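Remarks on the structure that follows.
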Amino acid sequence: MTAEAVTDRQILDISGADRVDFLQGLVTNDVAKLADGLVYAALLSPQGKYLADFFLIPHGDSILLDVDERLAPGLLKRLSMYRLRADVQIAPSDLPVTRGLGPIPDGAYADPRHPELGWRHYGATGAPGHTDWDALRVQHQIPQSGIELLPDESYILEMGFERLNGVDFKKGCYVGQEVTARMKHKTELRKGLAQVHIDGTAPEGTAITSDGKPAGTLHTSAGDKALAYLRFDRAKGALKADTATLTLS
């Protein structure tokens with residue numbers, strides 16, 4: 001079993017009698033699922049664009065929110081704006097975060113996005129780790145905040161949130177729900193995150209072309225595989241990203 005400290009996350013403690021209803025009306029997933037463990041969800045703009053993704057964690061008389069530290073200030077500001085007169089208090093917490101692979105220890109929770117992503121624990125202190133989490137993300141097509149998931153740009157269905165158990169289509173209204181529902185009921189998505197085989201190297205963020213036409217953007221690479229945001233109608237045959245050649249996996 002591995003157990004590694006996570007140092008780039010911020011925990012927000014959300015308390016108050018209205019905390020469940022407050023979050024239920026905002027986030028993409030069903031907060032009632034906290035009864036079963038971690039809930040992966042996102043907050044969207046009214047136009048349906050991604051603003052932040054996070055884990056919700058049951059924690060006694062409060063709900064913890066585990067978010068990328070770079071997104072935490074903006075998320076805290078927006079949640080506070082939505083709070084209005086609800087009986088909800090939101091405060092940063094210095095609770096440490098640990099993640100690992102192997103058997104789930106007492107007090108930890110399985111990562112709900114994919115079984116191969118292991119578990120997360122809140123409160124225990126872990127050691128610096130050596131797991132290649134980027135390789136795991138690429139292997140299982142897991143987007144990351146600030147890399148594949150871009151605030152005010154990304155749409156969560158194009159990023160695979162349905163597959164990652166990050167959105168619930170039966171829970172009712174939340175911010176950005178109408179746009180997300182319309183995308184769900186299209187015949188198919190025209191753009192989205194995909195795994196590609198990469199021959200050569202190219203920097204993250206490199207534009208991808210197909211016969212000289214824009215076809216997407218290269219993101220995280222690990223070995224001979226990478227994640228790319230692609231226009232599917234142009235993701236055929238050999239694609240180019242700088243000097244690297246890509247093919248859709």
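Among the protein heavy atoms of the chain, carbon and sulfur supply 50% of the accessible surface, probe 1.4 Å, non-protein parts ignored. Dipole magnitude for segment 42-161: computed about the Cα centre from +1 point charges on Lys and Arg Cβ and -1 point charges on Asp and Glu Cβ, it is near 340 debye.
Kindly sort 145, 93 by accessible area of their heavy atoms, largest first, with the probe set to 1.4 Å. Don't skip to the end; give the middle numbers.
On the way: 145 5, 93 35 Å².
Result, largest first: 93, 145.
Overall shape: oblate for the chain, with the ratio a/c of the largest to smallest alpha carbon gyration tensor axis at 1.5 or above and b/c at least equal to a/b. Pairs of Cα atoms nearer than 8 Å and 6+ residues apart set the relative contact order; for the chain it is 20 percent.
Tell me, how many Å apart are the Cα centres for segment 2-62 and for segment 140-209? Segment 2-62 and segment 140-209 have Cα centres separated by 19 Å.
Check each of the trypsin sites (Lys or Arg not before Pro) in segment 220-249 and keep only those in coil by DSSP with at most 15 other C-beta atoms within 10 angstrom; list them in order. Those that pass, being in a loop and sparsely packed, are 236.
The helix-based estimate of mean residue ellipticity at 222 nm for the chain, built from -39,500 (n - 2.57) per DSSP H run of four or more residues and divided by its residue count, is -4000 deg cm²/dmol to the nearest 500. A simple rule links phi to the HN-Hα coupling: the Karplus curve 6.51 cos²θ - 1.76 cosθ + 1.60 with θ = phi - 60°, which for segment 158-168 gives 5, 8, x, 5, 5, 5, 8, 6, x, 8, 10 Hz, with x for Gly and Pro. When the Gaussian network model of the chain links Cα atoms closer than 10 Å, the mean-square fluctuations of 182, 99, 19 top out at 182. Taken over segment 206-249, the percentage of Cα pairs per 10 Å bin, counting from 0 up to the bin with the maximum distance, is 32, 62, 7. Electrostatic bookkeeping for residue 214 treats Lys and Arg as +1 and Asp and Glu as -1; over the other residues with beta carbon under 10 Å from its beta carbon, the sum is +3. Once backbone amide H atoms are built at 1.01 Å from N, residue 69 has 9, 10 as its partners under 5 Å, excluding neighbours fewer than 5 places away on the same chain.
For segment 92-153, the alpha carbon convex hull comes to 122 Å³ per residue, rounded to a whole number. Checked against a 27 Å cut-off, the cross-linked pairs 77/184; 49/186; 49/170; 49/77; 33/77 give Cα-Cα distances beyond that limit for 77/184. Descending by average beta-carbon neighbour count within 10 Å, the peptides 39-48, 165-174 line up as 39-48, 165-174, the highest first.
The values are calculated or read from the model by the stated rules, or taken from the named source; none is laboratory data. Because the structure is predicted, anything quoted here is derived from the model rather than measured. Backbone-built Cβ (ideal geometry, glycine too); neighbour counts: all protein chains shown. The protein model used for the area step is the full one, side chains on, heavy atoms only, and it has no ligands, DNA or RNA in it. Shrake-Rupley method; radii C 1.70, N 1.55, O 1.52, S 1.80 Å.
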